[in-house]
Each structure stands twice: as C-alpha cells, then as structure tokens.
1. Compute the Kirkwood hydrodynamic radius of the chain, taking the inverse of the mean of 1/r over all pairs of distinct Cα atoms, and give it in Å to one decimal.
2. Please report, in debye to the nearest 20, how large the charge dipole of the chain is about its Cα centre when each Lys and Arg carries +1 at its beta carbon and each Asp and Glu carries -1 there.
Amino acid sequence: MQNFKLLKSIVERQNRLRAVRGGDEGQTVFEYLGIIVIIVLIIGAIVGSGLAAAIANAITQALADITAN
C-alpha cells in the first residue's frame, strides 16, 4: 500500500511539472528538423546559383597564396 502512495505522489508531481512547463518536451525534435531543412535549402541555393564554384576557387586561391609564402 505504501508503494502505491509513493507512485501516486510521483505521478502527481510529474503532472504538476508538465503543467508548469507547458507540455512542450517533444517540440525540440521539430525545431531541429526545421533547422536542418533550412540548412539544406541554403546549401541547395548556393550550389544551384553557381556560388559554390566561386567559393571553391577563392579558397583554392587563398591556400595557394598561403603555401607560396
């Protein structure tokens, strides 16, 4: 009987904590998914616009300048 009272107390405490937090524990998964989608869209835009080649050329040139000195 004492175990039942302890379990009931734990469940009630968890319910109070959920009410205080607003019950949004699972929201972070969707936030991470949204960030990943935005990053993929940005990378796709860079590759699709030809800007990726310009960035690669600039990095290659910078590395060549560093190694030449």
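A short reminder: the numbers here are calculations on the coordinates, not readings from a lab. Owing to the predicted nature of the structure, the values given are computational and were not obtained by experimental measurement. Don't worry about glycine lacking a Cβ; one is built from the backbone with ideal geometry, like all the others, and counts go over all protein chains shown.
1. Details: mean 1/r = 0.0578 Å⁻¹.
About 17.3 Å for the chain.
2. Values: 6 positive and 5 negative charges, 143 e Å.
I would put it at about 680 debye.
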